[in-house]
Amino acid sequence: MTTTTRPTVRLTVTAVLIPLLATVASLVLLLSWRDDLPDPVASHWGLGGAADGFSSLTGLAWLLAVVGLVGIAVAVAAGRSGTPALARTLAGTGAGTVVFIDALLLISTGAQRGLADAAGVSFSAWWILSGVAAGLAGALVAVIAVPSWQATPAAVGPGPDALPLGSTERAVWSAVVSSGRAGTAVVATAVAVTLILTVVTRMWWLSAIAALLVLVTAAMLSIRVTVDPSGLQVRGRLGWPRTTLPVEQITSVSTVQVRALRDFGGWGYRFAATGPLKGSRGFVLHSGPAIRVTTVDGRSEVTVVEDAATGAALLEAYRLRQTGGTAR
Amino acid sequence: MLIRLDPSLSLPLYEQLAASVRAGIASGEIEAGEKLPGARELAASLAVNVHTVLRGYNLLREEGLLDLRRGRGAVVTGQAPQSISAERARLATAVGAAQDAARRLGLTAEDLSVLIRKGYPS
């Protein structure tokens, strides 16, 4: 059942549930170990894996509480989101982060149960991996549980003039978009820094992060944008990620000027939480003109591509054809 | 790039496709080194046989405008822009010659237009 107005109470309660439950459960579990744990407990490990920072159990409990409060604050913000997509993103991020931190804290502290001296425990890469897995699971549950609603699409300016198409004519507009210099530089730096860290700290599992970064970037290094009678398709060079917007689901077509950093906070497949394109998402590989499409389910999809005007004009022509209107 | 086909025209579809690509190169819309859509995807989008697209691409390859490589697809060659510019220059020359010939025979620009339109594929 989807309503057309945001179910604020239901949304907020659902979003708050996971951070709240995770925090309470973690606190209960942690405090139940009080008699088993050394005092102080190891709470930080340095390069090489040896414990070098310690904390009292009470200190850890406070940490859990503060993290929980921040997670709940994010959940409350989710309850006030303008679009279902933003609500899901905030709820998932909040829940995932709280669960990750809680899991990591519990696992690293739990490893010290039964020990007299906390310095004996060394860091294991499995702690992080388990924490990440738990965090992802928490985020997934939040995203699925959060209720959705039929959002009204953001106001759109006047559309482009439809490309004049003869009744027997078939036209296809196709363009390739490559990552801009700025976006590529950011990722290259991240990969380089990760690799340097891997070598310096000799935590070889870090190279998995670098490999993941490279893979994700390669998949979106260039995309192909196609407008044809069936609608708009965007495909990454490895075939994924891909977006398909069938013409019968399109409610409006327009062109917008996009500033990647200012409007979407970065490069790649982005989601705008604030700013003039708030609530929109799409492939923003660099700044420039973009085709913006709104759909029947309230989504706003933005695709930055050169000569967006022609692509938009053709898409508008196909949209009008679909709705039975005549091209101007 | 924009590719427009009209099955109602007498010009074969693969030639229209090739003409669309040449027009794109001429206008600068399609640059040297640019990759054209894959034959299968383009054929699906245009609702034509994949062989039609392949025939068009092959024609352009024979003219030295496209490089067809297995796995890489169709890529516009480095000399394609100059090739097309040269072709446009030849057209300009031919038009100039036609104008001279028409003037000698006392034809107006309108008369010449009618002559040109008569022979054009429709």
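The values are calculated or read from the model by the stated rules, or taken from the named source; none is laboratory data. Note that the coordinates shown come from a computational prediction; the quantities given were computed from them, not determined experimentally. Positions of Cβ are backbone-derived with ideal geometry, glycine not excepted, and every protein chain shown enters the neighbour counts. Surface accessibility is based on the protein's heavy atoms, side chains included, excluding ligands, DNA and RNA. Shrake-Rupley method; radii C 1.70, N 1.55, O 1.52, S 1.80 Å.
Considering only A:Leu320, A:Pro164, A:Ala185, whose Cα is most displaced toward the positive end of the charge dipole of chain A, charges sitting on Cβ of Lys, Arg (+1) and Asp, Glu (-1)?
Value: A:Pro164.
First check a/c for segment A:219-269, with a ≥ b ≥ c the square roots of the eigenvalues of its C-alpha gyration tensor; if it is under 1.5, answer rounded, and if not, answer prolate when a/b is larger than b/c or oblate otherwise.
Oblate.
Obtain the nm distance between the two label points defined at A:Thr168 and A:Leu212 by a simple spin-label model: each point lies 7 Å from its Cα along the Cα-to-C-beta direction.
Inter-label distance under the simple model: 5.6 nm.
FRET efficiency for A:Ala182 and B:His51, Cβ-Cβ distance as r, R0 = 45 Å, nearest 0.05?
With a Förster radius of 45 Å, E is 0.60.
How many percent of DSSP beta bridges within the protein assembly as shown run antiparallel, rounded to 5?
The antiparallel proportion sits near 95 percent.
Mind checking the mean number of beta-carbon atoms from other chains within 10 Å of the Cβ atoms in B:35-47?
For this peptide, the per-residue mean of nearby foreign Cβ atoms is 4.
In nm, to one decimal, how far is the modelled label at A:Leu31 from the one at A:Ala309, with both set 7 Å along Cα→Cβ?
Those two pseudo-labels are separated by 6.6 nm.
When the Debye formula is applied to the Cα atoms of the protein assembly as shown, each taken as the same point scatterer, what base-10 log of I(q)/I(0) results at q = 0.08, 0.10, 0.13, 0.14 Å⁻¹?
Taking Cα atoms of the protein assembly as shown as identical point scatterers yields -0.65, -0.89, -1.21, -1.31.
Sort A:208-214, A:34-40 for me by packing, meaning the mean count of neighbouring Cβ atoms within 10 Å per residue, highest on top.
So the peptides A:208-214, A:34-40, ranked by packing, come out A:208-214, A:34-40.
Only Lys, Arg, Asp and Glu count, each charged at its Cβ (+1, +1, -1, -1), so figure out the dipole size of segment B:1-88 about its Cα centre, rounded to 20 debye.
280
In peptide B:9-20, what is the residue-averaged number of other protein chain Cβ atoms found within 10 Å of each Cβ?
Per-residue shielding by partner chains comes out at 1.
For segment A:200-260, run through the trypsin sites (Lys or Arg not before Pro) and keep only the ones in DSSP coil with at most 15 other Cβ atoms within 10 Å of their Cβ.
A:Arg202, A:Arg237, A:Arg259
For the protein assembly as shown, with only Lys/Arg (+1) and Asp/Glu (-1) charged at the beta-carbon, what is the dipole magnitude about the Cα centre, in debye rounded to 20?
In debye, rounded to 20, the protein assembly as shown gives about 600.
Got a sec? What order do A:Ser207, A:Ser174, B:Ser85 fall in by accessible area at 1.4 Å, biggest, i.e. largest, first?
Sorted descending by solvent-accessible area, the residues read B:Ser85, A:Ser207, A:Ser174.
Rounded, prolate or oblate for segment A:181-248? Axes are the square roots of the Cα gyration tensor eigenvalues, ordered a ≥ b ≥ c, and the cut-off for rounded is a/c under 1.5.
Taking the square roots of the gyration eigenvalues as a ≥ b ≥ c, segment A:181-248 is prolate.
Is segment A:38-79 best put as rounded, prolate or oblate by its Cα gyration tensor, with a ≥ b ≥ c the root eigenvalues, rounded for a/c under 1.5, and otherwise prolate when a/b is larger than b/c, oblate when not?
Oblate, since a/c reaches 1.5 and b/c is not below a/b.
Fully extended, how many nm does the chain gain between A:Asp161 and A:Ala50 (0.36 nm per residue separation, minus their Cα-Cα distance)?
Here the answer is 33.4 nm.
How much length would be gained if the chain were fully extended between A:Ala192 and A:Leu136, taking 0.36 nm per residue of separation minus their Cα-Cα distance, in nm to one decimal?
Fully extending the segment from A:Ala192 to A:Leu136 adds 17.6 nm.
Taking trypsin sites (Lys or Arg not before Pro) that fall in a DSSP loop and have at most 15 other Cβ atoms within 10 Å as cut points, what is the longest piece of chain B between them?
Between the exposed loop sites, the longest stretch runs B:1-69.
Note down the nm distance, to one decimal, between modelled labels 7 Å out along Cα→Cβ at B:Val95 and at A:Leu238.
For B:Val95 paired with A:Leu238, the spin-label model returns 4.9 nm.
Could you calculate the FRET efficiency of B:Arg61 with A:Trp205 from 1/(1 + (r/R0)^6), where r is the beta carbon distance between them and R0 is 56 Å, rounded to 0.05?
0.70
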